[in-house]
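The values are calculated or read from the model by the stated rules, or taken from the named source; none is laboratory data. Quantities reported herein were computed from a predicted structural model and do not represent experimental measurements. For neighbour counting, all protein chains shown are included, and Cβ atoms are generated from backbone atoms with ideal geometry for every residue, glycine included.
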Amino acid sequence: MGLPERPRAVITGAGSGLGRALCLELGRREGRMVVSDVNEAEARETVRRVGLAGGEAHAVVCDVTKPEQVEFLARETERLLGGVDLVVNNAGIAAAGEVGQLPLAQWKRVLDVNLWGVIHGCHSFVPLLRRQGSGHVLNIASAAGLMSAPYMGPYSASKAAVVSLSETLLAELKPQGIGVSVVCPMFFRTNIASTTSWSSDDEHSVRLRDMAARMVNDARVGPEEIARACLQGVERGDFYVVPMAMGRWVWRLKRLSPEAFAQGGRLITKFLRSRSSRVRR
């Protein structure tokens, strides 16, 4: 299926990070798009950069946790672009902490954005794609949705649900000529670590937070490379898009030997606890 010349796209969470990188990559293809974000100033900055890259963009403020706002986004996209070739459900946040310690309000917030945001996007845009008989849904999940890690319960659960929802969409939409892809990157340079909510400020949480920040900030891969991998996956008609080789190998390990994979998670937990207990002494 692929994408046509000057593709029409709508991207949520497009004010920064991967969302902005996807907009700029589409802009270089002279794409026409709706840039959606809860932050109007950041959305308008993305629009400005898309114009410099050679594309055409319109900013629409949207909180993906609000179904009425996502429905408005769908109507505006159809009005502004006359249809859509690529729907990108990208908006996401993170929270970290132990199950039983992380406040339920943080669980709810992550699930509202990461899962319900994607559900709302699919609910509002899939009928448009069906009427067209064409188009592609690109859901941004995470390697955490394929291989859960300790202390990332809300994030992993939300992203695993996005993978499952995408699998359901594939079965429903492929016979109608509509493509579906789900993207599962590992750590890459973005601002998610600095905006992640944590369960507490004890030594253990601080050490975990610092480790996560280092893994994101020291990553060799930036959002631009992930954006290119996303669009290449769409062009090839790939369903699972796992950009990093390490992610593909760890995913294979989990499928081949779930116990070995679980042992790795236990070793991470043991290491972090031992380090934080040394600090307390």
Item to complete: Give region 86-114 a look and list any residue that's closer than 15 Å to S166 by Cβ and either among the acidic types (D, E) or not in a strand (DSSP E or B) (or both), or say none.
Response: N90, G92, N114
Worksheet item: Conditions: (1) modelled with pLDDT of 95 or more; (2) under 19 Å from G13 (Cβ atoms); (3) part of a helix (DSSP H, G or I); (4) not aromatic (F, W, Y). V137 meets all but one. Number of the miss?
Response: (3)
Response to the item:
Picking from R44, R79, R48, the residue that is free of Cβ contacts under 8 Å to residues at least 12 places away in the same chain, closer than 22 Å to G117 by Cα and in a helix (DSSP H, G or I) would be R79
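Conditions tested, residue by residue: (1) exposed (fewer than 12 other Cβ atoms within 10 Å of the Cβ); (2) at pLDDT 75 or above; (3) of a type in the set (F, W, Y).
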residue: Y240; (1), (2), (3): no, yes, yes
residue: P243; (1), (2), (3): no, yes, no
residue: E259; (1), (2), (3): yes, no, no
residue: Q263; (1), (2), (3): yes, no, no
residue: I268; (1), (2), (3): no, no, no
Worksheet item: Got a sec? Which of V113, V137 is over 21 Å from V221 (Cβ atoms) and in contact with a Phe, Trp or Tyr (Cβ under 9 Å, 6 or more places away or on another chain)?
Response: V137
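For every residue, the table says whether it meets (1) surrounded by fewer than 23 Cβ atoms within 10 Å (Cβ to Cβ); (2) touching a residue at least 40 places away in the same chain (Cβ under 8 Å); (3) in contact with a Gly (Cβ under 9 Å, 6 or more places away or on another chain); (4) within 23 Å of E76 (Cβ to Cβ).
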| site | (1), (2), (3), (4) |
| --- | --- |
| A91 | no, yes, yes, yes |
| I119 | yes, yes, no, yes |
| I140 | no, yes, yes, yes |
| E172 | yes, no, no, no |
Worksheet, complete the sentence: Here the residues within region 142-182 that are closer than 30 Å to R130 by Cβ and not in a helix (DSSP H, G or I) are S142, L146, G177, I178, G179, V180, S181, V182
Worksheet item: Somewhere in region 61-70, is a residue more than 21 Å from C184 (Cα to Cα) and buried (at least 23 other Cβ atoms within 10 Å of the Cβ)?
Response: yes
Discussion item. Just the residues that are more than 20 Å from the chain's Cα centre (by Cα) and outside any loop (DSSP other than H, G, I, E, B), please, taken from region 1-34.
Written reply: R28, R32
